1. Given charges of +1 on the Cβ of Lys and Arg and -1 on the Cβ of Asp and Glu, with all other atoms neutral, how large is the dipole of region A:80-201 about its Cα centre, in debye to the nearest 20?
2. Tell me, what is the FRET efficiency for B:THR201 and B:SER234 to the nearest 0.05, using R0 = 22 angstrom and their Cβ-Cβ distance as r?
3. Once you charge only the Cβ atoms, +1 for Lys and Arg and -1 for Asp and Glu, what is the size of the charge dipole of chain A about its Cα centre, to the nearest 20 debye?
4. What aspartates and glutamates sit close enough to A:LYS200 to cross-link, taking a C-alpha to C-alpha distance under 13 Å and skipping anything fewer than 8 places away on the same chain?
5. For chain B, with only Lys/Arg (+1) and Asp/Glu (-1) charged at the beta-carbon, what is the dipole magnitude about the Cα centre, in debye rounded to 20?
6. So, R0 is 30 Å and r is the distance between the beta-carbons of B:SER194 and B:ALA340; what FRET efficiency does that work out to, to 0.05?
7. What is the calculated FRET efficiency for A:MET186 to B:LEU435, with r their C-beta to C-beta distance and R₀ = 56 Å, to the nearest 0.05?
8. Within straight cross-link reach of B:LYS95, meaning Cα distance under 15 Å, which aspartates and glutamates are found once same-chain residues fewer than 8 apart are removed?
Amino acid sequence: MKRFALACIAISALAGAAPARADSSTGGAFILPGYGARAWGMAGAVSAVIDDESALDWNPARISLAARSLGASYVNLVPGASLGQAQLAFVMPLSQPANGVATHAVGAMFSNLSADIAGGTSYSENHLRAVYAYTPQPLVSVAIAGQAFFSRGDIGGFDAWGTSVDFAGRLSLSKNWDLGAVGKDMFSRYSFDDGRDSHKETSVVLGIATRRIPMVTLSADVVRQYASWTRALFGFETVYLVDHLALRGGLAMNRAGESRTAVSFGASLRAWNARLVVHYGATLDDETAFGTTHRVSLGVRM
Amino acid sequence: MNSFRRVLATLPPALLCLAAAMPARAQLVSRFEVRETVISPDGDGRQDSTRVRYTLTDAAVSVSLVVFAADSVTPVDTLRAPAPGAAGVVDSYWKGRRWDGAAAGEGAYVVTLRVTPSSGPAIGMSLPLFLDLTAPTVQILSAIPDPYAPGTQGPVSLSISHLIGNTSPVLPGRPPDELKLELFNPSGKAIADSLLDLVTTPPYQGGSGAYVTTWDARALTPTLLDGEYEIALSVLDAAGYTARSVYHFELDSKDPVFHFISPIDRARISSVPDSVRAAAFDKRGIDSLYVRYPQSAYQRVTQTSERNDSTFFAVPLADSLLAEGRYALSFRAVDRAGRAGVFAYEITYDATAPAAPVLDGFSGSWHADHFPLSGTVDNGGDGTAIVRIVRNGAPVDSLVSGLLTPPANHFSVSVPVVPGRNEFVAYQRDGAGNLSPPSNRVVVTFKSSAGLFIAAPFVPGGSFQLIGARTAAAATLRVFDVAGDLVTRFEDGSPRQFYAFEWSGKNSSGASVRRGPLVAVATIEYDDGTRDIFREVFLFNPDAQ
């Protein structure tokens, strides 16, 4: 526990070393929040924790820990406005897991972002993501994720398509300690129908998690984006009733543009011989920002 | 001082030659001199006494220094009684007193040095002295013409007549009494001597008499102030007396001026008035007034009336401006000093209506309390033309179309709108007052319900329009990317119901924002502590025109 506290202090120090306010976002197309209610219930501090189909998005290297499963998730990102994100995820180990870790694993995820735009028009994005994870030995996994996406809008100038590539890794330091690292959109490019090119903003995520406390997982992530450490994330997850009920919470300290903190919490319930899991997550953001959002996701172990 | 002249006539010519200093006539007396040849022992500290100095090169058996009357016989005062004298410089002073202490009378005197050497004949040397007890006099008799108007058809110069009396006698080697004439302008500032071109007749050489000094100020006229000037004439005599006389006269350096009441100069008129009404003004009054119509000679203005210093007048116009065009009239006024002022008056008769403005079209609803109405207008080169904007039949704004930049002559003005239908029409009125036909009509429907209104797509330079349910205390608008990271923010702390936040397309860090969907969150705070929050997704396209 002391080590995790030290890790949290290190992450806070890392974030604190940056200016009090990180550079603002430069916006752009194909910016997509992460998948699922489970991860958002922990404020997104899951790069060293996640071990189900959510890992396709948060840390592809950790799909090596996931069972063959299918998931779906939905969230309306902006209360009071119509900006919905619907996602389908599928992950499958290609080899028999040894010690719960598959040597080869693949997955795919489809995301749709739809918005009703001011002025009575609409806009949508579709993302298709494919992941391969390789675990040369049980303590280490690496992964690569490729993504293709396209957008369409009722207003001219917003039809575009492009691709991006992520890299990820996980390291199990011990039975109770894990590290995660993800480089998102390390290579990306997209083109609008008027011929203009753009690219997605690269981000790097470093995470640490511990299970030293029985039935409790503590995690912390730090995200670097816009040339600064823009986000420090802290989360926890507890399980009850022989892993049939999970409660979780988290804190996201955002620094891009202006500092603000969002609190998250969530719960999961397993049923049908633990093959079906329903997740709920809520994010209590500043009311002058996105406000309170609710996410629901469903996972089926096959 | 006239007695001086009589005395001078009695003095031997040889003696007059010894006016200021007498070089030694013999080797024994190397120097014999009188420092002040004219003294005025009146106790004013100036030339109250004179110093008599002689220098002996060797000892003498007897030396005497005596002041005699002009006849060189009657002793007046003994500065040194006969006695042996040693070699060297000896100074003696005479304070204008007799040997018995009584004051000597005004007149000429002779101071005589007599030296007896040890061998050879005695040496006698004399110098003249004058005792002046009377100050000079000066009086300016007149300065003509008054007022003096240099550069007009009147006298070229100002003639200053003055009398000078009791001047000191003119002696060889001594300058005459100084005559100084100063001129002060109405501000009290002296005109520099170098600028004064004064001629005195007869030429002043130190003598008493009547003189006339003339001043030709024509070259200085543009710089001379109009008003009362002061002449100060001073005489400073050799004994230190000063006489001064002051005289005032008027100098007219300003032409009469015109003030046109109706129509004003360079007016553009759409209908010809009966007459031009104006006033001519000069401090010293208008003597005569003339007008010259196009292609005619000057003719005297007869319809005049005097009020204070101004001459009001009217000249007929209606029968002179029969067709549209530009007309030039000339007015000439002469003041009572003879100075004339000419004014070139111009008037343009224009009865043609200007072109109607063309408003840029608009379709759809509007959500702010001001609408950027724009259009183009041909002002025909009239710099004073204006565009009047009418909303629902009532004027709401205007602008000077003459200031628009050709050839586009495009204008844009933020006009207030009222909830509901706003029908805008524009007219152009030229400088002559002609009104154009109405422009095309632009209808703006102002929907004033509370909310956040954003153009689709939003382009740099556009504005977020925010309407509160009622007058708010402040408003804040934040723009986020889809993932919730802040792009930029705006604040307006003014109490309003309608807010507009213009955005250049840069984020808070100054970087250009990319094309894509963004989320705007607007917060309106009211005085009672409540607030409304509006969230809208919008598409931002920095590359759109």
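Values quoted throughout were computed directly from the atomic coordinates according to the rules given, and no laboratory measurement underlies them. The shown structure was predicted, so the numbers you read here are calculated from the model rather than taken from an experiment. Cβ placement follows ideal geometry from the backbone for every residue including glycine, while neighbour counts extend to all protein chains displayed.
1. I would put it at about 560 debye.
2. Computed FRET efficiency for B:THR201 and B:SER234 comes out at 0.70.
3. The calculation lands at about 1160 debye.
4. A:ASP166, A:ASP185, B:ASP481
5. Charge dipole, chain B, about its Cα centre: 620 debye, nearest 20.
6. 0.50
7. On the way: r = 69 Å, r/R0 = 1.23.
Once rounded, the FRET efficiency stands at 0.25.
8. The qualifying aspartates and glutamates are B:GLU36, B:ASP42, B:ASP44, B:ASP48, B:ASP77, B:GLU106, B:ASP132.
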